[in-house]
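Report on the following structure.
The values are calculated or read from the model by the stated rules, or taken from the named source; none is laboratory data. Values in this document were obtained by computation on a predicted structure and should not be read as measured data. Glycine gets a Cβ as well: all are built from the backbone with ideal geometry, and neighbour counts include every protein chain shown.
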Amino acid sequence: MALALLLPACASATPTSPPEATNPPEPTSPPQPTEVLATEPPPPPKLEGDVNVVTWAGYDGAGFTDPFYAQYPDVTLNFSLITSDNELFTKIQSGYQADAICSVWEKLYIENDLLQPIDTSRLTNWDSIPEALSKNGVFLGQQYFVPFDWSYVSILVRTDKVTTMPTKWADLWNPEYKGHVAIIDSSQGAAVYTAWALGIDPYNTTTEQDAQIEQKLLELKPNLLTYWADPYAMMQMVTDGDLWVVGGAWASSFTRLKNEGIPVEYIVPEDGGRGMWIGYFSIPKTAENLDNAYAYIDYMISPVAQAVVGGWGLGMSNFDAVSLLDPALVKLMGMDDLSILERTRFLEDVNMSQLKIWNAMWSRVKAAP
Amino acid sequence: MENKRRVAVLATPLALLLLLLFLIPLSTMAIYSIRGGTFFEEERFILTVNNYKVLFSNPSFLNLFWRTVLMALSVGLLAVLFSYPIAYFLAFRSGSNRVTLLTMMIVPAWTSYLLRIVAIKFLLGSNGLINSLLLSAGLIEEGLPIFLYSSKAVVITLVYVWIPFASLPIFLVLDRIDRGLLEASADLGCPPWQTFLRVTLPLSIPGVIASLLYVFIPTLGDYVTPMLMGGVQSSTYFGNLIQMQFGAAMDWPMGSTFSVFLVITILLLLLIFSRLINIQNYFKT
């Protein structure tokens, strides 16, 4: 999600909800809204009007909106869909009126003073969010971000196609997979995974190390089939057997392919393990429907909405929803295990100067013959 | 005098439109290309030619530009090559079926561009129709991604997409050719192929050039097709580089610099092109 760069033209032409939204993995029976609502505390206050949400395709699906409308029939959710954090940031930065946004980036919003602090007492589900997750949303002593979902980032392997299983990030360069490797089309992703493969700390690089990363990425080109930007297109290439080793794939792609019976594995790379991102909700300063924004965010971290996220194979921020999921899936993805925060490498929040270096590097790498 | 005023009145809306929707945005882009930062950075108020330095000091960017020109040119030439027989048939041989055939050619072009690209992917992929056909015919052992994710795939897709559009200008020119000239040529003893080479083809050159430019110029800036059909190398052409700067890289000044470079180079190429083939001569007649 964080690093997705669906092409804009495609975004406008494709239906707003991906297949995942309508087709959750088989073993996970989506919870009946009424069943869960029955366990929810007192009736919510009567709300009406709009909520303008800027979020990712899929999060606008009926799996999320139907139970919300059952609870708040007079509130209308207006979605504006983005395909990358860059796009979201640009939108909010240029003054777009939004009541709630879903981002992975944090620092840039704080640096540019674009958000208002969250009054967590207005979120009935707040206490279900573990502190290990919520503490990442605190800036200047105040909670600005509400953790919503998280995902691993790792290497996805089509097991029946490779003779040797890759075991580390550096294996993306293994000539055995020549012509069947893809990495994510994202400057941050590409730079970070390459730094991991080189044993460099991606967030504290010297100029020489930056050059080293760039050189290493150029060396990867002969091994690549393509750069992947759209997870669905990437999954199709894996299904077709054209793509064997995918760098930077998300857990949701893995669970989806596995559910379709494609022989895939999602490795824990030896050189540092899986990466991880967290998606947060926040409220921009431009918000006009504050009550509705809180109601919406509270709903999105409620077990009903969180179970939809979990069904996709993404991590949930509300661990109360774990009981609603298929135990096999929970175990497979380690969704009930907070220690993953220590065992994975966090895809750190970026600042502008770091991003600029990566972006310029990525332009050069992609333009190179 | 009266006439002049009328012309002025009639031309004003068009001139305003051109100014508002073409010249001002272009100038904005040109100004952006000499700014130091995009939105919120302090450097955005600094005017600099640094972006142009980056463009010209990096051989990868210029190299990519020429690869793009070459790709667009081959797409243009191939599209014209395939369009000419279609246009010729429509103009001279279609008879009473002309409207039906013309519609049949145009209607697929009304389908969403993306849908057509996806359809092509189904044809070319390793589980695609072409591979399945070869497999079942026993010609190959296993599906090969021979066409997909390569510059070939990009060119094939673009040529396919452009053919209906490229056919039209040629068709219009062929259709206007005075049939009397062809009869005269035949009466004077020219075999059909000579009539074609000495009468029809030269008279249709304006349409061919229009068609070539019609394909060449938009292809130079196209980024969707390479993104969907290209491989590692062929997924990045100059249009993608520009799109990257305005999208993910959030570097509008650099993107504007690439765009200005593209616009100016296209203009220069057109100028040279029109001098070389003396384009005006064809349009005078």
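Quick look at the values:
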read-out	value
Residue in region A:289-301 that is over 26 Å from B:M229 (Cα atoms), small (G, A, S) and out of contact with any strand residue (DSSP E or B) (no Cβ under 9 Å at 6 or more places or on another chain) present	no
Residues of region A:201-228 classified as under 24 Å from the mean Cα position of the chain (by Cα) and at pLDDT below 95, total	9
Residue check for A:I357: aliphatic (A, V, I, L, M) and away from chain B (no Cβ under 14 Å)	no
Checklist (1) in contact (Cβ under 8 Å) with a residue 24 or more places away in the chain; (2) within 14 Å of chain B (Cβ to nearest Cβ); (3) in contact with a helix residue (DSSP H, G or I) (Cβ under 6 Å, 6 or more places away or on another chain) applied to A:M316, failing item	(2)
Listing of helices (runs of 4 or more DSSP H) fully contained in region B:1-99 that carry 3 or more residues being in contact with a helix residue (DSSP H, G or I) (Cβ under 8 Å, 6 or more places away or on another chain) and not acidic (D, E)	B:24-32, B:50-57, B:59-88
Any hit, region B:12-34, residues being surrounded by fewer than 12 Cβ atoms within 10 Å (Cβ to Cβ) and within 14 Å of chain A (Cβ to nearest Cβ)	no
Test for A:I118: is it of a type outside the set (K, R), modelled with pLDDT of 95 or more and either in contact with a Leu (Cβ under 9 Å, 6 or more places away or on another chain) or not in a helix (DSSP H, G or I) (or both)	yes
Matching residues, region A:168-184, being surrounded by 18 or more Cβ atoms within 10 Å (Cβ to Cβ) and without any contact (Cβ under 8 Å) to a residue 40 or more places away in the chain	none
Residue check, B:T265 touching a residue at least 24 places away in the same chain (Cβ under 8 Å) and touching a Leu at 6+ places or on another chain (Cβ under 6 Å)	no
Residues within region A:188-211 that are assigned to a loop (DSSP other than H, G, I, E, B) and of a type in the set (D, E), tallied	1
Odd one out for B:K121 among (1) within 14 Å of chain A (Cβ to nearest Cβ); (2) free of Cβ contacts under 8 Å to residues at least 40 places away in the same chain; (3) basic (K, R)	(2)
Test: residue in region A:339-353 that is within 14 Å of another protein chain (Cβ to nearest Cβ) and polar (S, T, N, Q)	yes
Count of region A:350-369 residues which are surrounded by fewer than 19 Cβ atoms within 10 Å (Cβ to Cβ), in contact (Cβ under 8 Å) with a residue 12 or more places away in the chain and part of a loop (DSSP other than H, G, I, E, B)	2
Spans of helices (runs of 4 or more DSSP H) in region A:243-347 with at least 1 residues of a type in the set (A, V, I, L, M, F, W, C) and under 30 Å from A:K221 (Cα atoms)	A:251-259
A:K178 vs. criteria charged (D, E, K, R), within 14 Å of another protein chain (Cβ to nearest Cβ) and touching a His at 6+ places or on another chain (Cβ under 9 Å)	no
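Each row is one residue, and each column tells you yes or no for (1) assigned to a loop (DSSP other than H, G, I, E, B); (2) in contact with a Ser or Thr (Cβ under 8 Å, 6 or more places away or on another chain); (3) at pLDDT below 90; (4) within 14 Å of another protein chain (Cβ to nearest Cβ).
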{"residue": "A:D66", "(1), (2), (3), (4)": "no, no, no, no"}
{"residue": "A:Y69", "(1), (2), (3), (4)": "no, no, no, no"}
{"residue": "A:N86", "(1), (2), (3), (4)": "no, no, yes, yes"}
{"residue": "A:K91", "(1), (2), (3), (4)": "no, yes, yes, yes"}
{"residue": "A:Y96", "(1), (2), (3), (4)": "yes, yes, no, yes"}
{"residue": "A:D127", "(1), (2), (3), (4)": "no, no, no, no"}
{"residue": "A:L133", "(1), (2), (3), (4)": "no, yes, yes, no"}
